[in-house]
2 protein chains.
Amino acid sequence: MSAPFGDRLAEAVRRCRTPLVVGLDPHWEGVAKLFDLSRTPSPADAAEAVHKFCTGVIDAVRELVPGVKVQVAFFERWGPPGMEALARVIAHAHRAGLLVLVDAKRGDIGSTATAYAQAYLGPEAPWPADALTVNPYLGPDTFAPFVQLAQAQDRGVFVLVKTSNPESHTWQDLTDREGTAVFEHIAQQVEQLAQSSAGQSGYGSVGAVVGATYPEQLARLRSQMPHAWLLVPGLGAQGATAADVAGAFDSQGLGAVVNCARAILFAWQREPFSHWGARRWQRATEQATRFWIEQLRQRTPGGKL
Amino acid sequence: MSAPFGDRLAEAVRRCRTPLVVGLDPHWEGVAKLFDLSRTPSPADAAEAVHKFCTGVIDAVRELVPGVKVQVAFFERWGPPGMEALARVIAHAHRAGLLVLVDAKRGDIGSTATAYAQAYLGPEAPWPADALTVNPYLGPDTFAPFVQLAQAQDRGVFVLVKTSNPESHTWQDLTDREGTAVFEHIAQQVEQLAQSSAGQSGYGSVGAVVGATYPEQLARLRSQMPHAWLLVPGLGAQGATAADVAGAFDSQGLGAVVNCARAILFAWQREPFSHWGARRWQRATEQATRFWIEQLRQRTPGGKL
């Protein structure tokens, strides 16, 4: 790796001319249905099928998008064989030339946080991520171990700021006496870390996760964190449209990557892609990816890329 | 398992007559020094040594304490072999009759949270925890998937409320216009879940992590969450004393378990236990465990047990 993460992501987004990343969320129900497998497989069989499914998705989308976001929970759920499959999926994505954003939402402090960082961001990381999602609840001292190791390896960190779920407001939106929300306080810290690591692209190696399901906060956070990449989940199955994420981009169409998972992964079961059927599911996945790329092109500044 | 988690923990604490749990935080520097190993081992060698160390600790303390708290990061750091070792360490602790609190600080929503819950709390969990730590940042909708699976299996959940690190105040202590801190809002939710699952002991299957390093908040949270077990880290190496955790207990001496890790694990390097040396490190660990049990007995209501 030869450039800071912020610049590497900018280069990949420009090269592919889309901010779309494909979410590898291998829900077992979906994988089992596709491959006609047991709903209660052995962990080893499940891990093997999850690997087959994820590498199949990667092969279908590799020419189209800058990267994938891998959801660790769906691998961890299968125990050690699942975590072994995760390592092989990451390696496959890297061989395909994709950036790999690992969505693990880890968070701890001191030497414990360093241990997590070594697992995903270190020089000998068993699951080498181009960037890792980190949970900020413990406090700003959560970040240093992740950020230090990430920057030394030209990797990145995405801090959860405003998440896409229905009840994210409950604590994230609590406001202090000055009217500043908890998530805005965290955004300030993220912007500081992003600014101090900003490369030629203008973006740093620390970014923020902001849900597509909150378009107003998304636009506000874009302006409050001018040096931070936004990782925007929630497109498709969670209900957000391409128009909802328009505010996530800067005037050049950079500054955000938008994640779409289920609507792409399981497109073979959905209109207008279901005519491909289970046998040609990868074609459905590819077509759904092209659909969302076009949606983002028409309705967001990402179309200027 | 035959009783709800809250009651199982009460039974174990009463039987051992101590609220002390031993923290299995196998820092590699410490393990390598003890066994005279490379500072840069292969993951397989490291995982094997971590397993040997943790089972050695378990064997030294099994007659003394109700349980152990396992820090996942120090296993995950070694990749799939580390996660394999974690499963074997959990099994060893269960065979020794100990409760296993898995400190993984996971947190997500919907089917993703369910996947994490299946990994640690489900009927076929590859890493079967008696209780799992959960990060609340995403919102109350984080909890349901963990709590449902936990309760169905007589397992428990500890939600991070007020953590022990120096900068935990930054966002956890932000107060709204009514003067209620973020961590107190979360405590209210925890108390609801604890109350609705309270068993014969009076305690439920959802508890709270509250750092020993904040004695005032600890005492306040004890009274604000009368049905919630508190898991209290920070004793020893993080600077808290036994007196600091006195406020964590109810009038019977129940309601809290206190975690001590480094001061016990690496006692062979510390006074007054270093005379045992590396060769008899388990004796040092046992003596340090007895030391902290006695400290808690003298200075907290845990001594009434």
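Each reported figure results from applying straightforward, stated rules to the coordinates on display, with no laboratory input. It should be emphasised that the depicted structure is a prediction, and the values quoted were computed from it without experimental measurement. Quick reminder, even Gly has a Cβ in these numbers, built from the backbone with ideal geometry, and neighbours come from all protein chains shown.
Add -39500 (n - 2.57) for each DSSP H run of 4 or more in the protein assembly as shown, then divide by its residues: what number comes out at 222 nm, to the nearest 500 deg cm²/dmol?
On the way: 24 runs with 266 residues, N = 610.
Rounded to the nearest 500, the figure is -13000 deg cm²/dmol.
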May I ask you to report, in nm to one decimal and beginning with the shortest, the distances from A:GLU271 to the same position in the other copies, taking label points 7 Å along Cα-to-Cβ?
7.9
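For the protein assembly as shown, what mean projected area does the convex hull of the alpha carbons give, in nm²?
On the way: hull surface 99.8 nm².
That works out to 24.9 nm², a quarter of the Cα hull's surface.
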Under a point-charge model restricted to the Cβ atoms of Lys and Arg (+1) and Asp and Glu (-1), what is the dipole moment magnitude of the stretch A:36-172 relative to its Cα centre, in debye to the nearest 20?
140
Pairwise label distance in nanometres, A:ASP45 with B:SER38, each label 7 Å out on the Cα-Cβ vector:
3.9
Give me the dipole magnitude in Debye, nearest 20, for the stretch B:5-304 about the Cα centre, with unit charges on the beta carbon: positive for Lys and Arg, negative for Asp and Glu.
940
At a Cα cut-off below 14 Å, give the aspartates and glutamates reachable from A:LYS52, other chains included and same-chain residues fewer than 8 away excluded.
A:ASP25, A:ASP36, A:GLU84
About its Cα centre, the protein assembly as shown carries a charge dipole, from +1 on Lys and Arg Cβ atoms and -1 on Asp and Glu Cβ atoms, whose size in debye to the nearest 20 is 800
Place a point 7 Å from the Cα of B:ASP176 along the Cα-to-Cβ direction; which residues of the stretch A:166-194 have their backbone N under 14 Å from it?
A:168-183
Whole-Å distance linking the alpha carbon centroid of the stretch B:169-215 with that of the stretch A:161-196 is 20
In degrees, nearest ten, helix A:143-152 long axis to first principal axis of chain A (Cα):
70
Pairing the Cα long axis of helix B:215-224 with the longest principal axis of chain B, what angle in degrees results, from 0 to 90 and rounded to the nearest 10?
50
What is the helix-to-structure angle for A:79-95, meaning the angle in degrees between its Cα long axis and the longest Cα principal axis of chain A, kept from 0 to 90 and rounded to the nearest 10?
80
Which chain B residue sits with its beta carbon nearest the axis carrying B onto A, and how many Å away is it, rounded to a whole number?
B:TYR137, 2
Between A:THR180, A:THR114, A:THR163, find the one with the highest GNM mean-square fluctuation for chain A; connect C-alpha pairs within less than 10 Å.
A:THR180
Sort shortest first the distances from A:LEU37 to its counterpart in every other copy, using label points 7 Å along the Cα-to-beta-carbon line, and give them in nm.
3.2
Inter-copy label distances at B:GLU124 (7 Å, Cα→Cβ; nm, one decimal)
3.4
Starting from the 7 Å offset along Cα-to-Cβ, what nm value, one decimal, do you get for the label separation of B:ALA278 and A:LYS304?
6.2
Report the label-to-label distance for A:GLN269 and B:GLU167 in nanometres (one decimal), using points 7 Å from each Cα along the Cα→Cβ vector.
4.2
Over 18 Å between Cα atoms: which of A:LYS69/A:LYS304; A:LYS69/A:LYS105; A:LYS162/A:LYS304 fall into that group?
A:LYS69/A:LYS304; A:LYS162/A:LYS304
Give the long-range amide H neighbours of A:ASN259: residues separated by 5 or more places, or on another chain, with amide H under 5 Å away, using H modelled in the peptide plane at 1.01 Å from N.
A:VAL21, A:VAL232, A:GLY234, A:LEU235
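Full-extension gain between A:GLU29 and A:LEU64, please, as 0.36 nm times their residue separation minus the C-alpha to C-alpha distance. Intermediate values should be presented prior to the final figure.
Details: separation 35, 0.36 × 35 = 12.60 nm, distance 2.63 nm.
Extending this stretch completely gives an extra 10.0 nm.
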Positive-end residue of A:ALA181, A:HIS92, B:VAL258, charge dipole of the protein assembly as shown with Cβ unit charges
A:HIS92
For the stretch A:3-20, in residue order, the Karplus 3J(HN,Hα) values (coefficients 6.51, -1.76, 1.60; θ = phi - 60°; whole Hz; Gly and Pro = x) are 8, x, 4, x, 6, 4, 5, 4, 4, 5, 5, 5, 4, 7, 6, 7, x, 6
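What FRET efficiency do you get for A:GLU11 and A:GLN148 if R0 is 22 Å and r is their Cβ-Cβ distance, rounded to the nearest 0.05? Working shown, then result.
Values: r = 23 Å, r/R0 = 1.06.
The calculated FRET efficiency here is 0.40.
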Inverse of <1/r> over all distinct C-alpha pairs of chain A, i.e. the Kirkwood Rh in Å, gives 19.2
Alpha-carbon centroids, the stretch B:97-124 and the stretch B:227-275: separation in whole Å
24
